[in-house]
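Input: a single structure, listed below in structure tokens.
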Amino acid sequence: MNSSARKHYIDNLRWIILLILIPYHSAQAWNVWGESNYIFFEGNRFISSIIVFFSPYFMPLLFVLAGISTKFALQKRTGKEYLIERGKRLLIPFLFGTIVFMPVMSYIADRFNCSYNGSFLQHYSVFFTRYTDLTGADGGFSVGQFWFLLYLFIISVVNIGVLTLIKKAIFTSEKTIPFWFVFVLGLPLPLLNNWLSVGGKSLVEYTYLFMFGYFVFADEKIVSKAEKNSWLLFNIGIVATILNVYLFIWTDKEYILLNTITKYVSEWIMVIALVGLAKRYLNFNGKVSNHMRKRSFLFYTYHFIWVVLFQYLLYTIVGNHTFVLYVGTLLLSYFMTFVCCEISIRIPFLCFVTGTKYSPNMKDLNYR
């Protein structure tokens, strides 16, 4: 793989996947499995199906893409330079989001779910002193969606040495592993799910996925084989995904083993298929793709607070009208999130706290 050329399909796949965040997080207000959320209306199987459709492979794909990007980043930076950059891109935005955005979301949750009637300033101290399930749904402390940045920073720090060691000890040549072995590498995933897991998010599993991206999918030959078989894999993955949704949401009985199989088949096959499809159809750079690439993680930073705020405000206006609440939240949240992106990317301080590279010349703005 030519390391000097930017892999546009990685950037494009990332921002496209991130756009799903708003319908995904909006749908959590109607989940049917009783998961705590900042705003909860009532269980709805149709809307819950949106979450279950994307959840097996959504975050795993982002960690795989992060691993691929790290491989190329370390070809151009030293380990020290890479870690300094990760601190700027991940740790600072994590702290900013946790301190500035999460108290607002937790406050709204406390008012909606627990009838809190104090002021926001009074609740700010509550946020930093109430530690319960870490979801923030009861007004307690939570890092919210910023857990992704924290995990990615921890993985980057821990693995900068480990990746080098493994590369020297095991991957001493550029020999490509057989493509069939890529599928074997997905077998440990069910065993890793509960290791160092906080809120159902396993640091060990995501580290494994990150390393999979670094060692396997940074190989052009592997990506080419995934591209060649992408539609076959995608069809298999979609079937597994639909079965997973049906078994988890729409059946009245529990099929735990079968549900587990469909979930992990969906996760692994869809990750491989989507990387292959991205290589085939998304390996380009244009005005739209370049624009979205520069704002992808700004979108991640700003989207959720608008989802929670608009669900709260719309409920006070229209009541429990499911269609208006869901569709209205989507439209308003997309609009305000993009407005925030456009404002933020033009202000040096906001670029700094959101991990975005600022340039006085807007044509030179870049984010990795």
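Within the option set Ser197, Ser224, being surrounded by fewer than 22 Cβ atoms within 10 Å (Cβ to Cβ) and over 22 Å from His8 (Cα atoms) holds for one residue only, Ser197.
For segment 273-282, the tally of residues that are over 23 Å from Lys357 (Cβ atoms) and either of a type in the set (Ser, Thr, Tyr) or assigned to a loop (DSSP other than H, G, I, E, B) (or both) stands at 1.
Would segment 126-143 turn up any residue that is surrounded by 13 or more Cβ atoms within 10 Å (Cβ to Cβ), among the polar types (S, T, N, Q) and either within 22 Å of Thr316 (Cβ to Cβ) or touching a helix residue (DSSP H, G or I) at 6+ places or on another chain (Cβ under 7 Å) (or both)? Yes, segment 126-143 contains at least one residue that is surrounded by 13 or more Cβ atoms within 10 Å (Cβ to Cβ), among the polar types (S, T, N, Q) and either within 22 Å of Thr316 (Cβ to Cβ) or touching a helix residue (DSSP H, G or I) at 6+ places or on another chain (Cβ under 7 Å) (or both).
Leu203: over 16 Å from Gly276 (Cα atoms), surrounded by 14 or more Cβ atoms within 10 Å (Cβ to Cβ) and of a type in the set (A, V, I, L, M), yes or no? Considered against the rule, which asks whether it is over 16 Å from Gly276 (Cα atoms), surrounded by 14 or more Cβ atoms within 10 Å (Cβ to Cβ) and of a type in the set (A, V, I, L, M), Leu203 comes out as yes. When segment 58-114 is limited to residues that are small (Gly, Ala, Ser) and under 21 Å from the mean Cα position of the chain (by Cα), the one that is modelled with the lowest pLDDT turns out to be Ala73. Considering segment 160-209, the residues that are assigned to a helix (DSSP H, G or I) and among the small types (Gly, Ala, Ser) include one that is modelled with the lowest pLDDT, namely Ala169. Does Phe212 satisfy the condition of being modelled with pLDDT under 95, among the aromatic types (Phe, Trp, Tyr) and outside any helix (DSSP H, G or I)? Considered against the rule, which asks whether it is modelled with pLDDT under 95, among the aromatic types (Phe, Trp, Tyr) and outside any helix (DSSP H, G or I), Phe212 comes out as no.
Answer yes or no as to whether Glu267 is buried (at least 17 other Cβ atoms within 10 Å of the Cβ), part of a helix (DSSP H, G or I) and of a type in the set (D, E, K, R). Full working, then the answer.
Values: buried (at least 17 other Cβ atoms within 10 Å of the Cβ): yes; part of a helix (DSSP H, G or I): yes; of a type in the set (D, E, K, R): yes.
Yes, satisfied.
Quick check on Phe96: is it part of a helix (DSSP H, G or I) and farther than 21 Å from Ser202 by Cα? Spelling it out, Phe96 is indeed part of a helix (DSSP H, G or I) and farther than 21 Å from Ser202 by Cα. Take Leu121 and tell me if it is farther than 30 Å from Val204 by Cα, at pLDDT below 95 and among the hydrophobic types (A, V, I, L, M, F, W, C). Considered against the rule, which asks whether it is farther than 30 Å from Val204 by Cα, at pLDDT below 95 and among the hydrophobic types (A, V, I, L, M, F, W, C), Leu121 comes out as yes.
Please state which one of Asn320, Asn285 is of a type in the set (S, T, N, Q), over 29 Å from Leu65 (Cβ atoms) and not in a helix (DSSP H, G or I). Give the derivation first.
Values: Asn285 fails: over 29 Å from Leu65 (Cβ atoms).
After applying the criteria, what remains is Asn320.
Is it true that some residue in segment 72-90 is in contact with a Leu (Cβ under 9 Å, 6 or more places away or on another chain), closer than 15 Å to Tyr312 by Cβ and surrounded by 15 or more Cβ atoms within 10 Å (Cβ to Cβ)? No, segment 72-90 contains no residue that is in contact with a Leu (Cβ under 9 Å, 6 or more places away or on another chain), closer than 15 Å to Tyr312 by Cβ and surrounded by 15 or more Cβ atoms within 10 Å (Cβ to Cβ). Take the conditions exposed (fewer than 15 other Cβ atoms within 10 Å of the Cβ) and among the aliphatic types (A, V, I, L, M) and apply them to Leu233. Does it pass? Taking the combined requirement at face value, the residue does not satisfy it. The set of residues from segment 183-207 being in contact with a strand residue (DSSP E or B) (Cβ under 9 Å, 6 or more places away or on another chain) and of a type in the set (Phe, Trp, Tyr) comprises just one member, Trp195.
Out of segment 282-296, which residues are out of contact with any Lys or Arg (no Cβ under 8 Å at 6 or more places or on another chain), under 20 Å from Met336 (Cβ atoms) and touching a residue at least 40 places away in the same chain (Cβ under 8 Å)? Listed by number, the residues that qualify are Met292, Lys294, Arg295.
Counting just the residues of segment 13-54 that are surrounded by 18 or more Cβ atoms within 10 Å (Cβ to Cβ) and without any contact (Cβ under 8 Å) to a residue 24 or more places away in the chain, which one comes out farthest from the chain's Cα centre (by Cα)? So the residue we want is Asn31.
Does segment 294-311 contain any residue that is exposed (fewer than 14 other Cβ atoms within 10 Å of the Cβ) and of a type in the set (Lys, Arg)? Give the steps one after another, and end with the answer.
We begin by selecting, within segment 294-311, every residue exposed (fewer than 14 other Cβ atoms within 10 Å of the Cβ); these are none.
Scanning segment 294-311, I find no residue that is exposed (fewer than 14 other Cβ atoms within 10 Å of the Cβ) and of a type in the set (Lys, Arg), so the answer is no.
The values are calculated or read from the model by the stated rules, or taken from the named source; none is laboratory data. These numbers come from a predicted model, not from an experiment. Using ideal geometry, Cβ is built from the backbone for each residue, glycine included, and neighbour counts are taken over all protein chains shown.
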